[in-house]
Protein chains: 2
Amino acid sequence: MNIGDVSQRTGLPAKTIRYYEEIDLVRPLRGENGYRRFREHDVHKLGFLGRARSLGFSIEDCRGLLALYEDDSRASADVRRIAKAHLERIDAKLARLGAMRATLAHLVEACAGDHRPDCPILADLALEEDSADI
Amino acid sequence: MNIGDVSQRTGLPAKTIRYYEEIDLVRPLRGENGYRRFREHDVHKLGFLGRARSLGFSIEDCRGLLALYEDDSRASADVRRIAKAHLERIDAKLARLGAMRATLAHLVEACAGDHRPDCPILADLALEEDSADI
DNA sequence: CATAAAGGTTTCCTTCACTGGAAGGTCAAG
DNA sequence: CTTGACCTTCCAGTGAAGGAAACCTTTATG
């Protein structure tokens, strides 16, 4: 299978697939013409990668998950540990993003949004400690 | 004021301040020794930048907000537009992240996390369309 | 007065996970 | 033969800095 077909089947851009080969996540064969030749195995691995990436796992996480996936004697605890650590990162990110959202929503609401220059959003960003407390 | 003092007062790393100078967000003077010399004005601006960045505004958003901040004849509607667009980006990110979290939490819960190799997390990532639907 | 530490300067390289483009080889159809 | 789709490699760039190297200036100490 050529890279175009694999791209279509996995939904990953060809560029990304070449990149994944470059960093040794996948090792397609090569045809006589120099084209990459992918086996089912490779396509399957790329699908796995795409799904793990779409869950936000880093490339290095993915490398670990793939290794575990291909290790029949793995302990599910190892996989769970990676996933839980990732879950905690997601939760931390959600908390930060939620706090941002709250502050920003509050400011946007407080801003008249008309032709006048008075703007609580800018006032807040310009805050000096002597004019503090919201 | 030297960069170290500014760094301490704003909480921004010196590296970041140099970077902000490089991309023309701030223009400190230079002393005879070549050191950057920051005025109160610059410190104020850097504080503004730090607060805007901590709300997740992109550098380019910050550039726009700074320009509006320094424009006495601005319309608050312009600021509000930038902030609302950012709020929408945050909401989109929150939605994506929340979906990720839900999927991942579900998988982590389903995984025994013991010495055995069976792992629903890997099983899900390895999904082929014929074994689909969770 | 000499020296050492602390803090400043520059430039270049690295990160993360791609993405885009240029220049060129290969293949199937008309 | 030509066109166009597909493939190849290589180079550069993204955002927002972080790190290291090599050097200069100021300040504190013996």
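The values are calculated or read from the model by the stated rules, or taken from the named source; none is laboratory data. Please read all numbers here as calculations on a predicted model, not as lab measurements. Because the Cβ atoms are built from the backbone with ideal geometry, glycine has one as well, and the counts that use them run over all protein chains shown. Note: accessible area is taken over every heavy atom of the protein model, side chains too, but ligands, DNA and RNA are not part of it. Shrake-Rupley method; radii C 1.70, N 1.55, O 1.52, S 1.80 Å.
Here are the numbers for the structure shown:
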{"item": "Compactness index (Cα Rg / 2.2 N^0.38 Å), segment B:1-57", "result": "1.05"}
{"item": "DSSP H segments from chain A that extend 20 Å or more along their own axis, Cα-based, with Kyte-Doolittle mean of 0.0 or above", "result": "A:76-110"}
{"item": "Sequence-distant lysines (8 or more away, or on other chains) whose Cα lies within less than 25 Å of B:K84", "result": "A:K93, B:K45, B:K93"}
{"item": "At 1.567 mPa s and 4 °C, Stokes D of chain B from Kirkwood alpha-carbon radius, µm² per second", "result": "68"}
{"item": "For segment A:1-76 and segment A:77-115, distance of Cα centres in Å", "result": "31"}
{"item": "Spread of Cα-to-Cα distances over 10 Å intervals beginning at zero, given as percent, for segment B:75-134", "result": "19, 29, 21, 14, 11, 5, 0"}
{"item": "Nm distances between copies for A:T16, ranked from closest, using label points 7 Å along Cα→Cβ", "result": "3.0"}
{"item": "Helix-only [θ]222 nm of chain B, DSSP H runs n ≥ 4, -39500 (n - 2.57) each, per residue, nearest 500", "result": "-20500 deg cm²/dmol"}
{"item": "Inter-copy separations for B:G4, label at 7 Å along Cα-Cβ, nm, ascending", "result": "6.2"}
{"item": "Copies compared at B:A105 - label distances in nm, ascending, label defined 7 Å from Cα in the Cβ direction", "result": "1.7"}
{"item": "Calculated log₁₀ intensity ratio I(q)/I(0) where the Debye formula runs over C-alpha points of the protein assembly as shown, q = 0.07, 0.13, 0.14 Å⁻¹", "result": "-0.42, -0.94, -0.99"}
{"item": "Most to least accessible of B:K15, A:K45, A:K84 (protein chains only, probe 1.4 Å)", "result": "B:K15, A:K84, A:K45"}
